[in-house]
Amino acid sequence: MRICQVVHGFPPVERTGVENYTLGLCRALARAGHRVEVFVPRRDPQLADLALRREEHGGFAVNWITNNHAPESPREALLVPELEGPFAAFLERERPEVVHFQHLIKLGLGLVGLARARGIPAVYTAHDYYPICHRYTLLRPDLTRCDVRGDSRACARCDMAVAHLNAQAGLGDYHAGALREQLAPEAWSTLEALLADRLEEHGLERAAFDAASEQRAELDRQRQEAYRAFDLVLAPSRFLIEELVRGGFERARVEHAPTGFANEDLAGLPPPRPDPKRAVRFAFLGGLAKHKGVHLLLDAFARLPGGAELAIWGGSSDRAYGELVRRRCGEVGAQWRGPYERADLARILGHVDVVVVPSIWVENYPLVIHEAFSAGRPVLTSRLGAMVECVQDGVDGLLFAPNDVEDLARVLRRCVDEPGLVAALARGIRPVKSMEAEARELIERYERLQRSGTGARAPGELPESLKATLARFEEHSTLPSRELFGRVLAGLDDLREAWSAELGPVEAVELLASGLGEGSEAQDRLREARNEIAWLRTKQEELDEGREELMTLFEDLDRLLQDTRAGSRRQAEHLESAGTYVRQKEDEVVQAHARIRELESVIAQKNEHIGTVEGSLQDAGRYIRHKEQEYRDVEGELRRAADFARTKEEELRLAREQGQTSDGRTRSVADVARLTVETQARILNRTLQPILLRMHELLDPAGQLRLPADGATFAELLRAVRQVDEGLGALAKELVWLRPMRAELDWRRERMTKFLATYERSTLLRLLAAPTSIGRKLREWNAPPGEERR
Amino acid sequence: MTRPVSVVMPSLDDLDLFERHLPALLEELERRSGRDEVVVVDDTGRNVLAAGLARWPGVRVVAMPKNAGFARAMTAGIEAARHELVFAMNPDVHVRRGFLDPLVACLSEDDVWAVVPRILLGGRENEIESWAFLRERNGLIELDQPALRGGPEVRALRLAPVAFAVGGACLYRKADFLATGFDPLYEPFYWEDIDFSWAGWRAGKRVLYQPASVVEHQHRGTIGRRVPKDFVRAMVERNRLLFSWKHIDSPELQRRHLAALYRWALDTYLEDRREDLVWLAFALDELQRALASRAKLPPAARDVTEILRLSRPAE
């Protein structure tokens, strides 16, 4: 059978309970002749994210998918969409007949649906409370047990409390929660307030909690949906089944399936405490985490008067707690042994009489208890959770009240004080279920799922003639790629053999070389991929540089904000008023900008008009000067004519006085003079008329035009000349009106320039204004000519 | 006087298609001479078509005792045909007026093995399904239908040789068909018509494309709507390979073909192209049957390279 095991960690990278169990199971399944592929994530900074590496492990294969991204939020912890593509490709390639999920942490909920979508039965073994508690321990961050099920608001309180702990310096990089002595009093008080929903007491925002609750409710809904998709859920203990049912699982869908153990190497050890006079050798084995209660064991051991030894074996990812345990070991005279390999267990247990499991969380089916029993060592454990199902009080071990140092000290003391007790408990140990038995039971379950036809392609109404061929096709479609490839190569060898009579002897490798000589798509794609990778790396470097710059900027901004926040209320008010001021200025600038544009438009029109008027005036001026000259000439001639006339009148008067004889000649001279004057007046009138016409067009085109009549007298013509004078005066006044308008424009330009300089100098003003329309307008104003509209 | 024709249509329970396309065919046959006949082969194995087709008294129904697949149903229909000329067609083909006479005229020449009309996919004038050829590329034999690529194909306006007559609408001689038949190697469907035409080319005959005859293929996926699409595609690819293994006849082409297959297998495996691997394995599963079929081939008047050259129109 082709079986896929999906697990969150695997030896040798990770080697706690579930990981070691899965390893043992894979070996047992492989020994029974089944093909096992393990799909497991790991962190490996040497490899690109999502790189997949397949390793053969003597009978089964491990497919390591690299994921270097650590979850940064509850959502990211529960949903890991980036793994879905590689898992889908893995399923396509390997075509397992069943997928058995040992956990979903670090893997994401989405993987379940991918198996089901391909018609592959999906099995889940609940090794802890992850299906109903995102912290998987049913422990709250203050390390008290949670008794609430299915309340998203309670879970959100845990989320907020964890966020609070993550912000506490010195608590370590991984922790299931905090002990009171690890936190400053005010931090512990805040933790309590968060968990008790007394947010306001500590100035915590209710809105943030509401948002966290909503998010948690949505995640809970998705989690329930994903777990409902499993065809079969297994639980090793009845206690866990009850918890799952309390958490919303249908009882009928969960089967009780105690797990097996690959502990053959632990059998045959000498019995514990053969000499009752010798000190009892207690040991703790396992991960050093707070919820394992190692600190309680050390405190209880300190209460023993003597006659006992204690060894602490195990590593810790909770460095702060690991250090605390190590220090405490020294204080109470226990032996700190540190991490150990599974292969060393027989040797370690050979020097141990009694194993202590002092967990304060409701352990499901602790591996260490079964290891101890396999080695014939009795177990002392908390009267809690499934431990009660594993250890029979007074038969193969002793139970004590959880989280109770005194009661734990009591059972330790019994082992020391009652000489035959340890040996008697060792004799009460029942045989531990083997991994072979576990594998047999699982195969029966897998086959049962297959028989139930889960996910098989519905045949529909198929013509009879197609059925056999379609079935053959389906058979090929369900084979793993590796097997298909093997079949294809074997088939091609058959074809080569069949054609050898015509073709002559030719080796497959020769044909392959010849084929590859024609070109290989895989090679082409590999080259493309390499080029793309190189290109992506360059881009990545550029991005990293950009990110660093951005981070620096963010840090600067952060500092600025912190400085601002740290300032007094006055500063805040100042900032507020600065904001108001900036908003006002923004409005003013917008208005000024509009006004300036308006004025610029008017000025442009006026400039154009002035240009026209100036041109006309210059023309008119030149014309008038010309006509003035003519006028002066005419005036001189008139004057001369008048003088001449006066002379002639005088001469006439004298002649009149001198006698009758000269009358005729005198009349003739006067006539000549009169004619001359009239001629000169007509010339002047003709000169003035076009000037008056032009003035009329410039100054009052809508008004009535009065021109001197032909034969106008000199007095009338002189009035017309005065009209021309007045017209010139009016034009001059208009020029005088336009000058201040140009001055106003210059003044407004100067004001804007000053404001811009202030804006450029003030970082705060710039930061505040940058995202606003004022910022954009100022940038436009500041842009070089021709670019302001871009 | 034009020669009478038996129109043979294998069908599953496709009464809706008969409702739509049969009247045009009957009208055309009536217009020709009234001596032609229509034989519908009910391949449902349940004899469900006779009642539905009773409204057209001229249509004869041959019921298969059990569902036997396209090739066997076609053979049964042709065996039952009364005339020497047989127009094999699918029920989703809609004939246009005057489609039959130009085909019959072509088959009056002895060296013509089969003739195919201008089959317009979906009735679209620029998508000609029957302008169909085979070519060898990098050692693999491929189907080439240039008039389905969307561009104008002016060569398809002339009477021309083609590699094969598309089995969905083509004219055969009954005697030739019954003597050669569809090779059961290709069952349940696809490439049996190509193989039959190829037999003609091997025997020194020709297969022609007659553009003056026009039918429309109102494609409804008669197979595709009953079975998964990936299976249909796998059948096409499997039978293409079986055809190659039956017919490739020169050591040089055999060598290149084998090299191409090894390369293909390696490429698809390295690139995780499972689908191609399935096709290859699916075909190789039938290798022995292909080799048996190859062993039964009569001596050829032409080899593969020559047929590939002759069965293409001049460029």
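All of the numbers you see were taken from the coordinates with simple rules; none came from a lab. These numbers come from a predicted model, not from an experiment. Please note: Cβ atoms are built from the backbone with ideal geometry, for glycine as well, and neighbour counts cover all protein chains shown.
Numerical summary
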| read-out | value |
| --- | --- |
| Span from the the range B:76-95 Cα centroid across to the the range A:320-353 one, whole angstrom | 88 Å |
| Among A:GLN215, A:VAL148, A:VAL123 the positive-end extreme of the charge dipole of the range A:89-232 (Cβ point charges) | A:VAL123 |
| Two-site FRET efficiency, A:ARG43 against A:ARG319, from Cβ-Cβ distance with R₀ of 22 Å, rounded to 0.05 | 0.85 |
| Relative contact order [Cα under 8 Å, 6+ residues apart], chain B, whole percent | 19 percent |
| Per-residue average of Cβ from other chains inside 10 Å of B:5-17 | 0 |
| Sparsely packed trypsin sites (Lys or Arg not before Pro) within the range B:216-281, loop by DSSP, other Cβ within 10 Å at most 13 | B:ARG225 |
| Residue-wise HN-Hα coupling along the range B:105-119, computed from phi with Karplus coefficients 6.51, -1.76, 1.60 (Hz; x: Gly, Pro) | 4, 4, 6, 6, 8, 5, 7, 8, 8, 7, 9, 10, x, 6, 9 |
| For the range A:421-449 and the range B:250-315, distance of Cα centres in Å | 56 Å |
| Neighbour net charge for A:ALA212 - beta-carbon separation under 14 angstrom, K R +1, D E -1 | -3 |
| Relative contact order computed over the range B:1-139 (Cα-Cα under 8 Å; 6+ residues apart), in percent | 28 percent |
| Cut-off under 5 Å, modelled amide H: who pairs with B:VAL112 long-range | B:ARG206 |
| Global size of chain A as Cα Rg and Dmax, reported in angstrom | 52.0, 191 |
| Directionally averaged projected area (convex hull, Cα atoms, the range A:197-320), nm² | 14.2 nm² |
| Calculated from backbone phi, Karplus (6.51, -1.76, 1.60) coupling profile of the range A:4-11 in Hz, x at Gly/Pro | 10, 9, 10, 8, 7, x, 7, x |
| Residue-by-residue Karplus 3J(HN,Hα) for the range A:366-379, coefficients 6.51, -1.76, 1.60, Hz, glycine and proline x | x, 4, 5, 4, 6, 5, 4, 5, 4, 8, x, 9, x, 10 |
| Over chain A, relative contact order from alpha-carbon pairs under 8 Å, at least 6 apart, % | 9 percent |
| Sequence-distant residues sharing a close amide H with B:VAL41 (under 5 Å, placed H) | B:MET9, B:SER11, B:VAL62 |
| Peptide B:138-146 - average C-beta neighbours from other chains (10 Å radius) | 1 |
| Rg/Rh (Cα only; Kirkwood hydrodynamic radius) as it applies to the range B:233-303 | 1.01 |
| The range A:250-336: trypsin sites (Lys or Arg not before Pro) falling in loop per DSSP and having at most 14 other Cβ within 10 Å | A:LYS277, A:ARG278, A:ARG303 |
| DSSP-assigned coil residues among GluC sites (Glu not before Pro) in the range B:242-283, each with at most 16 further Cβ atoms within 10 Å | B:GLU271 |
| Helix-only CD estimate at 222 nm, as mean residue ellipticity for chain A, using -39500 (n - 2.57) per DSSP H run (n ≥ 4) | -19500 deg cm²/dmol |
| A:VAL395 long-range amide H proximity, modeled H, under 5 Å | none |
| C-alpha center-to-center spacing [the range A:72-141, the range A:147-210] in angstrom | 28 Å |
| 10 Å Cβ shell holding at most 15 others, DSSP loop, GluC sites (Glu not before Pro): longest site-free stretch of chain A | A:519-786 |
